[in-house]
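What follows is calculated from the coordinates using simple rules that are stated; it is not laboratory data. If you're wondering where the values come from, they're calculated on a predicted model, not measured in any experiment. Every residue, glycine among them, receives a Cβ derived from its backbone with ideal geometry; neighbour counts consider all protein chains shown.
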Amino acid sequence: MESPCNLVCTIDPTSGYCFGCGRTGDEIAGWTGFSPAERRDLMIVLPERLATLTRPPRRETRRSALARARGAAGGADDA
């Protein structure tokens, strides 16, 4: 069975759409019960839905913060 799921599975609280596939929670839950025509019709609108979403930036990890700090410190020494 074709599915738009790409294992991101995070729902946008504003629109109710999944950031990964563009479906609503109800659409995700009911996917296997939809007819092939219903799934096909929904697959057609998903790219348009995804284009409306703005994913918030990811939280900075400790590793990336340290790397950024090392880069900033290295740039100051080069001057």
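General remarks:
- Of all the options 68, 23, 40, the one that moves most in a Gaussian network model of the chain with Cα springs shorter than 10 angstrom is 68.
- Gaussian network model of the chain, Cα within-10 Å springs - most flexible of 54, 32, 14: 14
- Charge context of residue 16, other residues only, Cβ under 12 angstrom, K/R +1, D/E -1: -1
- Student exercise, the chain dipole from Lys, Arg, Asp, Glu Cβ charges, in Debye to nearest 20: 380
- Computed over the chain: relative contact order in percent, which uses C-alpha pairs under 8 Å that are six or more apart: 22
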